[in-house]
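Visitor: Mind looking over this structure? Questions follow.
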Amino acid sequence: MLIEATALRKFFSLSGGRQVHAVDEVSLGIAEHEVVGLVGESGSGKTTFGKTLIGLHDKSGGEVRYRGELLPARYGAADFRKQASEIQMIFQDPYGSLNPRMTIFEIIAEGLAIREGRSLAALRDKVVYWLERVGLHADHLSRYPHEFSGGQRQRVGIARALIVEPKLLICDEPISALDVSVQAQVVQLLGELQASMGLSMLFIAHDLSMVRYVSNRMAVMYLGSLIELGPAEDLYFRPLHPYTQLLIASNPEPDPEHERQRQDQLISGEIPSPVDLKAHCRFAGRCPKAEARCFEERPALREVLPGRLVACHLL
Amino acid sequence: MMTHDYALQVDNLAVEFDTYGGVVQAVRDVSFKLRKGKTLAIVGESGCGKSVTVQSLMGLIPMPPGRITRGSARLGNDELIGIAPAALNAIRGKRIGMIFQDPMSALNPTMTIGRQIAETLVVHRGLSASAARAEVIELLRLTQISQPEKRLDQYPFEFSGGMLQRAMIALSIACKPEVLIADEPTTALDVTIQAQILLLLQELQSSHGLSIILITHDLGVVARMAHDVAVMYAGQVVESGLVDDIFYRSAHPYTLGLRAAMPSNDPRKRQLQIIPGSPPDLFAPPPGCGFADRCAQAMRVCRDTPPPAYGHTHQARCWLQDPLAPASPVTSLMVNNKAD
């Protein structure tokens, strides 16, 4: 594994000693050249997992190893600098994640200039190369973020992350804020870059149907827990966990005939609060198949079929 | 079909905005009909004019800088375009309800949910405060909000996103409107909550006979909800028809492109096709078809001359529908019309 989290935990403290169990003992690794799709609803802890994995949050428990080397529980400035040329991140909001006072050139070149100790001007050719590689143009160098559409800004974010030629890219909902046709463009661009650079990627999203097109393996989180993990196509077309089954069934299919014949399987209620969780299956309260033991004991993630890991007592 | 079969009929609507950069022609000659008791989905991407179209019907675009330069919109037999603000106030919220994408910013954060819904009932239906309160509880129950007696005294921040959208729906149907306009009602919600909200809208449609205009960019939502579809691109309706026409007999290359770009549950669809490029600048719309620059089938005429609308119930604005056009991947409407 290139990077591997073992029993990673991130709790946030609230007043009165209460704790938000944002990420609760999640073990997940990403191999070299592998794309892992991490999916779940709002509040499932998928973004917190990604950020804790690469040190943007301090760890509350568990460990992360990068190429076998243990990463610190709490990062200092030197740790980030050391890691920056290996691990990069692109963000959900293409508007909020670019400094509005910097030109596109400055935004893309800054990281590399710091790493190589060179002036920005010396990097012009390289920045132009990356601009063109993400589908933008050298004319765009001196423009500011507000002059670009959402899809173009996301391309700037991708160029900024990849110009330092990292090994691992964390993509936090990179397409959620974009239009459908632009989503497909960005997904295709990321796929091409991943293949040509041999990148490893953690692709965080709430839309499973898009994730299937980019991932080798898919991981599903619910309320801070990893509940299912397996090869992407296999998991998408043969989900095993009751939650994953309902999540995939909830997604409307762009096919009117299929939708008219739909047997509605709705999950009742909403994802509960992750504050002071009880020690039982996280999904038990909404699960149509829950039994008594689901409310007593938290199921471990275990291999139920070759390569297929599920956290459910019923399997 | 007779006019009275339509809840809302829009003809040749054009809307412009003055900006520092010049005049943006946001809506360029849009026409559609909403059948009574049915759902019309208006599909398109950011900036295609789908939201501006419905907002201009409701008098919700700021004027100036906005301006309706042409067109008509009839709710039943009543014209909406150009009427006095007071007359529009009597219609808006009463005969036309509206749900927005972001319920958190559409609701007043300083008023309880109950008071916001009651306000509509008092203003439009003249109910007393106590009668309005009882009606609000009924509406919250109808939209499946648990413990409505307790919930109505809570503020928007105490509701989850899905619950807020239910409250928004309760507010929009409080006056039993003829038409409900839902502008991206589930875009901000998770898929499991989206499924619940869509089912609620379908149930309300059959119980109340609502006619719904659903604005969305998600073809999955369209397939689940719509009876009729209008596909918008660059300020125009480029294709319209029954939902099956749009999905199974797409007659415009943009519709085909959108469908190919959508992820699907079909295991055979292993690759997403992309539409290269981006929509045209509406400061200076191209002289011909707005999609020509991105269209693999574009001919010389497409760049020079705007295409007319071909077809009857299933229409497409595309030169490929012309009898003189070469064979192409789009469904020919000529064949369809003979079959009609």
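Visitor: Please give the net charge around residue A:101, taking every other residue with its beta carbon less than 14 angstrom from that of residue A:101, where Lys and Arg add +1 and Asp and Glu add -1.
Guide: Net charge around residue A:101: -2.
Visitor: Antiparallel versus total DSSP beta bridges in chain A: what percent is that, nearest 5?
Guide: 60
Visitor: So in chain B, what percent of DSSP beta bridges are antiparallel if you round to the nearest 5?
Guide: 60
Visitor: Please tell me the relative contact order of chain A in percent, rounded to the nearest whole number, where contacts are Cα pairs under 8 Å and at least six residues apart.
Guide: Computed over chain A, the figure is 22 percent.
Visitor: Students often get this wrong, so check it: of A:51/B:269; A:82/A:167; A:46/A:289; B:33/B:94; A:289/B:269, which have C-alpha atoms separated by over 22 Å?
Guide: Cα-Cα > 22 Å for A:51/B:269; A:46/A:289; A:289/B:269; rest within.
Visitor: Moving on to the next point. Which trypsin sites (Lys or Arg not before Pro) does the range B:242-340 hold that lie in a coil by DSSP with at most 10 other beta carbons within 10 Å?
Guide: Passing both the DSSP loop test and the Cβ count: B:268, B:270.
Visitor: Please work out, to two decimal places, the log10 of the ratio I(q)/I(0) at q = 0.19, 0.20, 0.25 Å⁻¹ from a Debye calculation in which every Cα of the range A:100-165 carries one identical scatterer.
Guide: Values, matching the q order: -0.62, -0.69, -1.08.
Visitor: Something else now. Beyond 18 Å, what share of the Cα-Cα pairs of the range A:126-219 is found? Please give it as a whole percent.
Guide: Result: 44 percent of Cα pairs exceed 18 Å.
Visitor: Cα gyration tensor of the range B:43-120, axes a ≥ b ≥ c as square roots of the eigenvalues: rounded (a/c below 1.5), prolate (a/b > b/c) or oblate?
Guide: oblate
Visitor: While we're here: Taking every Cα atom in the range B:109-174, find the radius of gyration and the maximum pairwise distance Dmax, and write them in Å.
Guide: My reading of the Cα-based Rg and Dmax gives 10.5, 30 Å.
Visitor: Quick query: amide H of residue B:181 versus all other amide H atoms, modeled in the peptide plane; which residues come in under 5 Å with a sequence gap of 5 or more or a different chain?
Guide: Residues meeting the criterion, in which the H sits 1.01 Å from N, are B:97, B:98, B:99, B:213.
Visitor: For the range A:6-68, what does the convex hull of the Cα positions come to per residue, in cubic angstrom?
Guide: Output value, Cα hull per residue: 85 Å³.
Visitor: For peptide A:208-214, what's the mean number of Cβ atoms from other chains within 10 Å of each residue's Cβ?
Guide: Per-residue shielding by partner chains comes out at 4.
Visitor: Could I ask something else about it? May I ask you to sort B:143, A:6 by Cβ crowding, counting other Cβ atoms within 10 Å and putting the fewest first?
Guide: Listing B:143, A:6 from fewest to most nearby Cβ atoms yields A:6, B:143.
Visitor: From zero outward in steps of 5 Å, how is the percent of C-alpha pairs of the range B:1-76 spread across the bins?
Guide: 4, 15, 25, 24, 16, 9, 5, 2, 1
Visitor: When ranked by the protection proxy of mean other Cβ atoms within 10 Å per residue, highest first, what sequence do the peptides A:241-247, A:32-38 form?
Guide: Going by the mean number of other Cβ atoms within 10 Å, highest first, we get A:241-247, A:32-38.
Visitor: While we're here: One quarter of the convex hull surface, Cα atoms only: what value does that give for the protein assembly as shown in nm²?
Guide: Result: a mean projected hull area of 31.7 nm².
Visitor: Another one. Wrap a convex hull around the Cα atoms of chain A, take a quarter of its surface area, and give that in square nanometres.
Guide: 18.0
Visitor: For a quick protection proxy, order the peptides A:289-295, B:17-23 by their average other-Cβ count within 10 Å, most packed first.
Guide: In decreasing order of mean packing, A:289-295, B:17-23 become A:289-295, B:17-23.
Visitor: Further, regarding this structure: Can you pull the percent of Cα pairs in the range A:32-100 with separation above 21 Å?
Guide: 34
Visitor: Now for a different question. Ranking request for peptides A:178-187, A:231-240, A:266-275: highest mean number of other beta-carbon atoms within 10 Å first, then the rest in descending order.
Guide: The densest-packed peptide leads the list: A:178-187, A:231-240, A:266-275.
Visitor: How charged is the neighbourhood of residue A:306? Take every other residue with its Cβ under 14 Å from the Cβ of residue A:306, and add Lys/Arg as +1 and Asp/Glu as -1.
Guide: With Lys, Arg at +1 and Asp, Glu at -1, the neighbours total +2.
Visitor: Also, quick follow-up: What number in nm² do you get for the range A:213-315 if you take the convex hull of its Cα atoms and divide its surface by four?
Guide: About 7.4 nm², averaged over all directions.
Visitor: Now, a different point. Note down the Stokes-Einstein diffusion coefficient of the range B:113-250 in µm²/s, whole number, using a Kirkwood radius over alpha carbon pairs, 20 °C, and 1.002 mPa s.
Guide: 132
Visitor: Ignore the peptide's own chain and count Cβ atoms of other chains within 10 Å of each Cβ in B:213-223; give me the average, rounded.
Guide: 4
Visitor: Counting DSSP beta bridges in the protein assembly as shown, what percent are antiparallel, to the nearest 5?
Guide: So the antiparallel bridges amount to about 60 percent of the total.
Visitor: Shielding by partners for B:181-194, please: the mean number of other protein chain Cβ atoms within 10 Å of each residue's Cβ.
Guide: 4
Visitor: Enter the Cα centre distance for the pair the range A:23-41 and the range B:294-331, rounded to the nearest angstrom.
Guide: 46
None of the figures in this text is laboratory data; all of them are computed from the coordinates on show. What you are looking at is a predicted structure, and each value in this text was computed from that prediction instead of being measured. So basically every Cβ, Gly included, is an ideal-geometry build from the backbone, and we count neighbours across all protein chains shown.
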